[in-house]
């Protein structure tokens, strides 16, 4: 009988290629109807992720049997007007690993880590028309507390902020 291992850990610079591929595949699926958003993919190449793994934001990966299946980035809340200290900046999974609970594993670990660092409350943003992300955050108890705009390739898209205490 084989045991399948699932591990969440801090990303290392050596994970950059796997994270870049995960980012590309998940964006191509999530934003299939928004091709202008894909311009961001060119900026998020392997070198960008190698620097991110060494940067100030925390970058976690979830591995399944040694394969990077997804990642999340987190740190201090960037929306100073909101009364929450922490923020989940991104959470993406490779398409073939979606829907089996790995997003929940990453999300809970990110929240746990932010709390352990003294953050009182967490906020996460998603594009308004991203039904998958909105459902995910709502299903995990997120309250819709803010709206904003995000610039992508000279196009402004509405975003929703979800929060947890």
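Just so it is clear, none of the values below were taken in a lab; they were calculated from the coordinates. Computed from a predicted model, the values in this text were never measured in an experiment. Quick reminder, even Gly has a Cβ in these numbers, built from the backbone with ideal geometry, and neighbours come from all protein chains shown.
So what's the back-of-envelope 222 nm ellipticity for the chain, counting only DSSP H runs of four-plus at -39500 (n - 2.57) apiece and dividing by all residues, rounded to 500?
Value at 222 nm, helices only: -9500 deg cm²/dmol.
Tell me the label-point distance for the pair residue 32, residue 145, using the 7 Å Cα-to-Cβ offset, in nm and rounded to one decimal.
Using points 7 Å along Cα→Cβ, the separation is 3.4 nm.
State, to one decimal in nm, how far the label point of residue 100 lies from the label point of residue 3, with both points 7 Å from Cα in the Cβ direction.
1.8 nm
Taking the chain as the region of interest, what is the percent of Cα-Cα pairs per 5 angstrom bin, listed from the shortest bin to the one with the maximum distance?
Reading the bins upward from 0: 2, 9, 17, 21, 22, 18, 8, 2, 1, 0, 0.
With an 8 Å Cα cut-off and a minimum separation of 6 or more residues, compute the relative contact order for the chain in percent.
The value is 20 percent.
Based on the Cβ-Cβ distance of residue 39 and residue 12, what FRET efficiency does E = 1/(1 + (r/R0)^6) give at R0 = 30 Å, to the nearest 0.05?
0.65
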